[in-house]
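*Asks:* One structure is given below, represented as structure tokens, and several questions about it will come after.
The values are calculated or read from the model by the stated rules, or taken from the named source; none is laboratory data. Note that this is a predicted model, so its numbers are computed, not measured. Because the Cβ atoms are built from the backbone with ideal geometry, glycine has one as well, and the counts that use them run over all protein chains shown.
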Ligand SMILES: Cc1cc2nc3c(=O)[nH]c(=O)nc-3n(C[C@H](O)[C@H](O)[C@H](O)COP(=O)(O)OP(=O)(O)OC[C@H]3O[C@@H](n4cnc5c(N)ncnc54)[C@H](O)[C@@H]3O)c2cc1C
């Protein structure tokens, strides 16, 4: 089928306004946060599950690739139309269909922005915990496809922990329902959890049932600066060992602190080598005790400076260093940055950072580390200072992956595999497991039309 014939069929299904094919329109759907560009042949905006199904029937017949797309904030190229074809823009699926306060669930369409759901449920005293840093623009559909994590994962888990059920359109056009509003459900294989994190390669989510929690009554925030990563690492282990589970434990390494200090002039101690931002939430009576406990652990581990926020404004001030780290990295003046999101068992963070620093020196490439110390998920930013350094930087990344695996870690904690990491997936998965995954893909998508060439080498 020619592109012209395909466009004609899609237009008769969706109407003229919901099909784009001009070069300038297509370019708007050709990117994601990887900054790679792959221009699709057609972009469609279905408005109902029947239309999504119809698009797949047409695409199956034409053997044309279909790439689902939320907000395009993915960090691994999942929403890119690598082989052209159709981009399935889910923008019109933007309704919060139900907030069921009796069962503590929300029923949503996939293009709802994550932060919007959080605000809406908060007004009812409820809480949707997954909080990727992109929550002001990423969609719940993208979060489900990537099994996105966030700053609160250490206490509240990640997206998969909140998905109870899904409505999904399969590449054949068939519509299936998985899971239910029930908290317990052991009927058959858990297809809901198979689809969460499948990166838009098995089916398209058109509706989701999400679990909600009661909103924590209060929170307390503390920041601490340490001379080195070891003091910070020991602090994290000790907090967990004492059975305090903060909602958030974020860290910045020495280079990240250098960037933030040059950007914001916070007056951090000259000898600062690591920074922790810790937030506890829950019952105010217990919080007071917990934050004092955290403070005394920081002191015992030779923190150079500790601040406990006195009010909401103060909390925001303490968060500023963490929130500004990405923007502040521009101060390094790099030509490009390779952003990885490896995860190691959290007690191995100091060892991991020591390894990264050694690799950084050996390959002579600057590396900035920050991330979620509470769950071991570290954003490793390898800075490419000039174009000719790029091959060396990729070699450094390979070594970082190798050290990650040696420490029992995984090459991605939250951004997924997509295109960026598909050639590395075998570092974590043995051949038999990889084959099983490919067989699953084949049984969902025998003609390989849904988001092809992603995830697997
Ligand atoms: C500044 C910034 C901060 C970020 N912070 C975090 C973070 O803290 N934690 C984190 O985990 N990620 C983070 N991300 C990555 C990104 O925001 C997440 O992966 C997010 O879930 C992607 O959502 P999206 O709507 O933009 O999806 P897209 O980028 O549009 O798509 C991502 C994947 O989901 C698939 N997809 C989209 N909608 C559907 C659907 N309805 N059905 C099936 N598949 C679908 C696509 O095909 C693609 O494979 C960050 C990104 C940026 C730019």
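A quick yes/no check of all residues on (1) within 13 Å of the ligand (Cβ to nearest atom); (2) part of a loop (DSSP other than H, G, I, E, B):
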residue: 133; (1), (2): yes, yes
residue: 168; (1), (2): yes, no
residue: 177; (1), (2): no, no
residue: 182; (1), (2): no, yes
residue: 198; (1), (2): yes, yes
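*Asks:* Quick one: would you say residue 99 is more than 26 Å from residue 413 (Cα to Cα), at pLDDT 95 or above and crowded, with 21+ Cβ neighbours inside 10 Å?
*Replies:* no
*Asks:* Another question about this same structure. Would you check which residues across segment 31-54 are within 13 Å of the ligand (Cβ to nearest atom) and part of a helix (DSSP H, G or I) and list them?
*Replies:* 49, 52
*Asks:* Starting from residues that are part of a helix (DSSP H, G or I), more than 9 Å from the ligand (Cβ to nearest atom) and touching a residue at least 24 places away in the same chain (Cβ under 8 Å), keep the ones in segment 109-131 and report whichever is surrounded by the most Cβ atoms within 10 Å (Cβ to Cβ).
*Replies:* Residue satisfying both the conditions and the ranking: 117.
*Asks:* Could you say which residue among 150, 142 is within 14 Å of the ligand (Cβ to nearest atom), assigned by TED's automatic domain parsing to the domain that holds residue 62 and within 22 Å of residue 279 (Cα to Cα)?
*Replies:* Residue meeting the stated conditions: 150.
*Asks:* Looking only at segment 153-166, which residues are within 10 Å of the ligand (Cβ to nearest atom), in a helix (DSSP H, G or I) and in contact (Cβ under 8 Å) with a residue 40 or more places away in the chain?
*Replies:* 153, the sole residue that qualifies.
*Asks:* Restricting to segment 416-457, count the residues that are in contact with a helix residue (DSSP H, G or I) (Cβ under 7 Å, 6 or more places away or on another chain) and in a loop (DSSP other than H, G, I, E, B).
*Replies:* 9
*Asks:* Output the residues belonging to segment 55-93 that are outside any loop (DSSP other than H, G, I, E, B) and either under 11 Å from residue 169 (Cβ atoms) or in contact with a strand residue (DSSP E or B) (Cβ under 8 Å, 6 or more places away or on another chain) (or both).
*Replies:* The answer is 55, 56, 57, 59, 66, 67, 68, 69, 86, 87, 88, 89.
*Asks:* Here's something else I'd like to know. Counting only residues that are surrounded by fewer than 18 Cβ atoms within 10 Å (Cβ to Cβ) and assigned to a loop (DSSP other than H, G, I, E, B), how many does segment 315-365 have?
*Replies:* The number of residues fulfilling the criteria is 5.
*Asks:* Considering every residue within segment 386-407, establish whether at least one is within 22 Å of residue 133 (Cα to Cα), outside the structural domain of residue 134 (by TED's automatic domain parsing), out of contact with any helix residue (DSSP H, G or I) (no Cβ under 7 Å at 6 or more places or on another chain) and not in a helix (DSSP H, G or I).
*Replies:* There is no residue in segment 386-407 that is within 22 Å of residue 133 (Cα to Cα), outside the structural domain of residue 134 (by TED's automatic domain parsing), out of contact with any helix residue (DSSP H, G or I) (no Cβ under 7 Å at 6 or more places or on another chain) and not in a helix (DSSP H, G or I).
*Asks:* Continuing with this model, one more query. Residue 379 is checked against (1) assigned by TED's automatic domain parsing to the domain that holds residue 403; (2) buried (at least 23 other Cβ atoms within 10 Å of the Cβ); (3) without any contact (Cβ under 8 Å) to a residue 60 or more places away in the chain; (4) outside any helix (DSSP H, G or I) and fails just one. What number does that condition carry?
*Replies:* With (1) assigned by TED's automatic domain parsing to the domain that holds residue 403; (2) buried (at least 23 other Cβ atoms within 10 Å of the Cβ); (3) without any contact (Cβ under 8 Å) to a residue 60 or more places away in the chain; (4) outside any helix (DSSP H, G or I) applied to residue 379, the lone miss is (2).
*Asks:* Can I ask one more? Hey, any hits in segment 445-457 for a residue that's within 16 Å of the ligand (Cβ to nearest atom) and in the same structural domain as residue 371 (by TED's automatic domain parsing)?
*Replies:* No, segment 445-457 has no match at all.
*Asks:* Go through 358, 307, 288 for me and flag whichever is more than 25 Å from residue 146 (Cα to Cα) and without any contact (Cβ under 8 Å) to a residue 60 or more places away in the chain.
*Replies:* The match here is 358.
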